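Just below is one structure, and these are the notes that go with it.
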Amino acid sequence: MSLFELVKFNSLGDVRGELVSMENNKEIPFEIKRVYLLMKSNPNLKRGFHAHLKLRQVLVCISGSCKITLDNGKNRETRVLNNYLEGIKVDHFLWREIFDFSNDCILMVLASELYDETDYIRDYNEFKRIINGSNS
Ligand code: T46
């Protein structure tokens, strides 16, 4: 089974232009508590490199493109994000690395929780230990 769970958005609007709507507990499978944007990312540097204990998110590339690798401690998969009508659902306990940002990339993130640094697992070995249910 793929690590990538996709969320589809409808293109609404009319002759004036497009409109894309994302609602709590509809297209977005949780109540949105926070929205943040990753933008002006250095195309030569990677972001992320962590997992979360509780946080669930939907990532939508609303401009340009980037790539994301997801890792559940057993499998790794990479996907290009370049379609604002498609979100990637990233649940807790998934390691993520985001890279290859185009200059115009804007990655919008809809999050289920407020910002909390204690929710981050920033060490890959610790992530693997937690996933394997061992503290050794
Ligand atoms: C994720 C990926 C996709 C805040 O103060 N508030 C916030 O809401 C966020 C997200 C970050 N920050 C601070 C924490 C750091 O001092 O902003 C700084 C950069 O954050 P970070 O290094 O975590 O950024 P990324 O791009 O590596 O990761 C972010 C999210 O933190 C993370 O949850 O999944 O985007």
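Overview of results
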| item | result |
| --- | --- |
| Test: residue in segment 4-12 that is touching a strand residue (DSSP E or B) at 6+ places or on another chain (Cβ under 8 Å), basic (K, R), open to solvent by 90 Å² or more (accessible area, probe 1.4 Å) and not in a loop (DSSP other than H, G, I, E, B) | yes |
| Counted residues, segment 113-136 - those being open to solvent by less than 10 Å² (accessible area, probe 1.4 Å) and either of a type in the set (G, A, S) or in contact with a helix residue (DSSP H, G or I) (Cβ under 6 Å, 6 or more places away or on another chain) (or both) | 1 |
| Flag if E31 is outside any loop (DSSP other than H, G, I, E, B) and charged (D, E, K, R) | no |
| Residue match in segment 59-67 (condition: more than 11 Å from the ligand (Cβ to nearest atom), of a type in the set (A, V, I, L, M), in contact with a Phe, Trp or Tyr (Cβ under 7 Å, 6 or more places away or on another chain) and open to solvent by 20 Å² or more (accessible area, probe 1.4 Å)) | yes |
| Hits in segment 92-104 (condition: within 12 Å of the ligand (Cβ to nearest atom), part of a loop (DSSP other than H, G, I, E, B) and hydrophobic (A, V, I, L, M, F, W, C)) | L94, F101 |
| Qualifying residue in segment 45-52 (condition: loosely packed, with under 14 Cβ neighbours inside 10 Å, of a type outside the set (S, T, N, Q), within 12 Å of the ligand (Cβ to nearest atom) and closer than 16 Å to D104 by Cα) | yes |
| So G73, is it within 20 Å of I131 (Cβ to Cβ), within 11 Å of the ligand (Cβ to nearest atom) and either free of Cβ contacts under 8 Å to residues at least 60 places away in the same chain or outside any strand (DSSP E or B) (or both) | no |
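The values are calculated or read from the model by the stated rules, or taken from the named source; none is laboratory data. Fair warning: this is a prediction, and the values are worked out from it, not measured in the lab. Heads up, the Cβs are rebuilt from the backbone with ideal geometry, glycines too, and the neighbour counts pull from every protein chain shown. In case anyone asks, the SASA skips ligands and DNA or RNA and just uses the protein heavy atoms, side chains included. Shrake-Rupley method; radii C 1.70, N 1.55, O 1.52, S 1.80 Å.
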